[in-house]
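Here the structure is laid out as structure tokens; the discussion comes afterwards.
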Amino acid sequence: MPLHDAGAGQAGGSTRFRPRAVLAACWLAFFWVQSSRAILYSAMPALSAETGLDPTSVGLITGSLYAGFAVAVYISGFLPISRRLAIAGGAVVTSLTNVAFACSGSVPVMLVIAAIGGAGVGLYLPRGTAAIVEAFRPEQRARALGWHELAASAGLMAAPLFMGGMLLVAPWRVAVMLWSLVGLGTAVVVWRWVPDAVAPAGGGGGARLALDARVLALACMGGACFAVISGFFTMLPTIVATGWGATPAAAASFAGWTRASGVVGALAGGWLADLAGRLPSLVGWYLTILAAVVALWFCDYGAVFAALVMVMTVAASGGATAYYALMGDTFRPAERERVFGLIAATASLIGTVVTPVTFGLLLDRISARAPLVALTGAPLLGLAGVVLYRWASSSTNTRTMSDRNIE
């Protein structure tokens, strides 16, 4: 469904900051956020074959990557730098660290480089999401965020497919270096098309943070989605290579084309969240994830396995879109970047730091099926977040009405 501009562009009506331009620039930035990490984890089977790296070490490296990302998301909204500088500068930093990663050969060095690279793209999420929320009216917001979430699916699909193709003709290190050019191009586009944050009314330091149980509830909802669309796919090439003997090129390509199903979920998620409501759509997506994960327990690598992974990915991508829209609806403009950072970072910590480390340990110590069983916790966490959000919202509304009666 086509999106319509919410009104005159920001910055004095300049066409430079019209909603569609903001969305396009943020789309590319989010594409880079996801693909810059995907290009590294899709290289892990080839790196393991070259160096003898075990699954536990792979999990630690990817966990370090996402830990740096989570820390940066936490602090992004509090840094005294402009939105454009944070996003564009972070894209450049990650491009350079990915090149450094490709040139390194020591696990301790890779851990440090991965953390710095993850931090570079981590600066984007709270600021980019806030930019889109500010650019579109509430009734258009979920669909706009659906197009934005499409960038995540595209990035997580394109980078592994690129790696899979490159491994047929060149070393993984060359593929990583070439992909870094995407980050440099992203920095230029962001600097041109993304507006800086709107200053709080009165010129103060911003609104008081509305920290209540809704923050934890939203973090649980987001963490459940990220555990599937990021954490699980981080380890998927290693899982199928270690558990079922797929070649590094085949494992990377499998992760890429199955992750492509998230495109459907991202677009459907925005439409459904606007039509049926944020929370009802989230419940439906989490139940779909749960059914697909349980079915995966009993499958071996093959066509049915791939189909279930794709169903699960559609649902998780749809849920992520509704989660972002719900965040935008819940908090006021002056507090969004900082609160979004706290929520998104906690969700990332749950879904993309803990998940790959845990899956690496389970894969190394037990079997390829153990991570699939552990993934069941993701949709259950999401459903728990929905229950907590309903309770917290009810309590907040009750307190607000009580305060008004006292006045």
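The values are calculated or read from the model by the stated rules, or taken from the named source; none is laboratory data. Computed from a predicted model, the values in this text were never measured in an experiment. For neighbour counting, all protein chains shown are included, and Cβ atoms are generated from backbone atoms with ideal geometry for every residue, glycine included. Each accessible area value is taken on the protein alone, full model and side chains, heavy atoms only, with ligands, DNA and RNA left out. Shrake-Rupley method; radii C 1.70, N 1.55, O 1.52, S 1.80 Å.
Quick look at the numbers
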quantity: Heavy-atom SASA rank of Cys225, Cys103, Cys299 (probe 1.4 Å, accessible area, largest first); calculated: Cys103, Cys299, Cys225
quantity: Model label zone, Ala276; criterion: amide N under 17 Å from point 7 Å along Cα-to-beta-carbon; scope segment 132-169; calculated: 142-143, 146
quantity: Rough spin-label spacing in nm, given labels placed 7 Å along Cα→Cβ, for Ala295 and Thr56; calculated: 3.5 nm
quantity: Accessible surface of segment 238-356 [probe 1.4 Å, protein heavy atoms]: carbon and sulfur percent; calculated: 75 percent
quantity: Cα centroid separation - segment 259-325 against segment 44-66, whole Å; calculated: 27 Å
quantity: Karplus (6.51, -1.76, 1.60) ³J(HN,Hα), θ = phi - 60°, over segment 173-184, in Hz, Gly and Pro reported as x; calculated: 5, 5, 4, 4, 4, 5, 5, 5, 4, 4, x, 5
quantity: DSSP-assigned coil residues among chymotrypsin sites (Phe, Trp or Tyr not before Pro) in segment 11-99, each with at most 16 further Cβ atoms within 10 Å; calculated: Phe78
quantity: Potential extension, Leu178-Val92 segment - 0.36 nm per residue separation minus Cα distance; calculated: 29.6 nm
quantity: Extension gain from Asp329 to Val304, taking 0.36 nm per residue of separation minus the Cα-Cα distance; calculated: 5.2 nm
quantity: In sequence order, calculated HN-Hα J values of segment 71-82 (Karplus, 6.51, -1.76, 1.60; Hz; x Gly/Pro); calculated: 4, 5, 5, 4, 9, 4, x, 9, 6, x, 10, 5
quantity: Length-normalised contact order for the chain - Cα pairs under 8 Å, 6+ apart - percent; calculated: 27 percent
quantity: ³J(HN,Hα), Karplus 6.51/-1.76/1.60, whole Hz, each residue of segment 250-265, x for Gly, Pro; calculated: 5, 5, 5, 5, 4, 4, x, 6, 6, 5, 4, 4, x, 4, 5, x
quantity: Segment 47-189, relative contact order [Cα under 8 Å, separation at least 6], %; calculated: 33 percent
quantity: Tail beyond 34 Å, pair distance distribution of the chain (Cα, percent); calculated: 24 percent
quantity: Potential extension, Arg390-Thr376 segment - 0.36 nm per residue separation minus Cα distance; calculated: 2.8 nm
